[in-house]
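Here's the structure we're looking at; comments come further down.
The values are calculated or read from the model by the stated rules, or taken from the named source; none is laboratory data. From a predicted model like this one, the values you see are computed outputs, not experimental measurements. Because the Cβ atoms are built from the backbone with ideal geometry, glycine has one as well, and the counts that use them run over all protein chains shown.
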């Protein structure tokens, strides 16, 4: 069985490294991490991902751009926000996203408080 | 008509790592129940017991409001902002993880356990500047009344967070009643029964049960026995 491919984008290197390491602890998942928007776009263009995980530090403008580009290229792509930074929520968020459980993740993309 | 959800204590996720025994009211780590992911903006309610001298090594967080309420023993905290502190029963600690922090938490005692509640609330703003605070709480201020321990406002009682949330602690003698009035429209109330029996409107809850109620303006809470409890009012819709 091929592994679930996960692209992780986050601006804080230590947290990004932790998130990638934790995801890769699951033998069925394979994470690639980057903190750079252009590198993320290039990776998404070159590889097939099942899930994109947005970590901390991404500006609203970058998030809009990345979501639009990823969705244009693959309308089925699941893009979720990772909350907490390499935390006990990570496994839940990915599992819920893969099960299409909308309760599993929050996106404050349109949050009026933001 | 109010909506409600009852989480009996013995239905919580149970993680026993030897040094750490944690009861998860909502899905966390290896405990995953798609029907128990959150209560509005309240994402994590962990009821933790940490063995003497043990604890959580340095680990990162971002974009989360993290509240710790010690119930027994002393918890030593160190973080990447240079904070070194011990929190104990009668205090409350808050961290806004924001753009990212690293921290550790250890049981200060080598011999006795530390028990504390670890509560995570989704923030209403991403990538804020990380911050830390801890304040003492006066136990007499919750005797037969609600003691506000958290709010969205820096100038209000208790600590504050980046979310439209209010927490209260209470220590009621048997028979004491309060009508809790919601602070904001669209908020729900999650009641965590720390000890004793409570009647919430017409629902009886017991020690370590959780009970959520929303789509109402007020909630009547009566102590059926001597009881201690935590009220967490949070937005139900944060999208």
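In this structure, is residue A:37 within 16 Å of residue B:127 (Cβ to Cβ) and in contact with a strand residue (DSSP E or B) (Cβ under 8 Å, 6 or more places away or on another chain)?
Numbers: within 16 Å of residue B:127 (Cβ to Cβ): yes; in contact with a strand residue (DSSP E or B) (Cβ under 8 Å, 6 or more places away or on another chain): yes.
Criteria met by residue A:37.
Any residue that is within 15 Å of the chain's Cα centre (by Cα), away from chain A (no Cβ under 14 Å) and over 24 Å from residue B:100 (Cβ atoms) - is there at least one of those in the stretch B:49-56?
Of the stretch B:49-56, the ones within 15 Å of the chain's Cα centre (by Cα) are B:49.
Within this subset, residues satisfying the condition of being away from chain A (no Cβ under 14 Å) are B:49.
Going one step further and asking which of them are over 24 Å from residue B:100 (Cβ atoms), we end up with B:49.
So far as the stretch B:49-56 goes, yes, one or more of its residues are within 15 Å of the chain's Cα centre (by Cα), away from chain A (no Cβ under 14 Å) and over 24 Å from residue B:100 (Cβ atoms).
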Across the stretch B:128-167, the tally of residues that are under 16 Å from residue B:198 (Cα atoms) and either in a loop (DSSP other than H, G, I, E, B) or within 14 Å of chain A (Cβ to nearest Cβ) (or both) stands at 3
Within the stretch B:44-95, the residues that are within 14 Å of residue B:136 (Cα to Cα) and in contact with a helix residue (DSSP H, G or I) (Cβ under 9 Å, 6 or more places away or on another chain) are B:89, B:90
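Does residue B:170 count as in a strand (DSSP E or B) and under 28 Å from residue B:124 (Cβ atoms)? Can you show your working first?
Working: in a strand (DSSP E or B): yes; under 28 Å from residue B:124 (Cβ atoms): yes.
In short, yes.
Within the stretch B:1-44, how many residues are part of a strand (DSSP E or B) and within 12 Å of chain A (Cβ to nearest Cβ)?
Going residue by residue through the stretch B:1-44, those that are part of a strand (DSSP E or B) are B:3-7, B:13-16, B:20-24, B:28, B:31, B:39, B:42-44.
The next check asks that each one be within 12 Å of chain A (Cβ to nearest Cβ); those that pass are B:13, B:15, B:20, B:22, B:24, B:28, B:31, B:39, B:42-44.
Summing the residues that are part of a strand (DSSP E or B) and within 12 Å of chain A (Cβ to nearest Cβ) in the stretch B:1-44 gives 11.
Determine which member of the set B:100, B:13, B:40 is within 18 Å of the chain's Cα centre (by Cα), closer than 30 Å to residue B:153 by Cα and surrounded by 15 or more Cβ atoms within 10 Å (Cβ to Cβ).
Values: B:100 fails: within 18 Å of the chain's Cα centre (by Cα); B:13 fails: closer than 30 Å to residue B:153 by Cα.
From the options B:100, B:13, B:40, the qualifying one is B:40.
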Of (1) surrounded by fewer than 18 Cβ atoms within 10 Å (Cβ to Cβ); (2) at the interface with chain A (Cβ under 10 Å from one of its Cβ atoms), residue B:111 fails just (2)
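Determine whether the stretch B:79-90 contains at least one residue that is assigned to a strand (DSSP E or B) and either within 12 Å of the chain's Cα centre (by Cα) or under 23 Å from residue B:13 (Cβ atoms) (or both). Before the answer, list the steps.
We begin by selecting, within the stretch B:79-90, every residue assigned to a strand (DSSP E or B); these are B:79, B:84-88.
Applying the additional criterion that residues be either within 12 Å of the chain's Cα centre (by Cα) or under 23 Å from residue B:13 (Cβ atoms) (or both) yields none.
No, the stretch B:79-90 has no match at all.
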Does the stretch B:209-225 contain any residue that is within 25 Å of residue B:160 (Cα to Cα) and at pLDDT below 95? yes
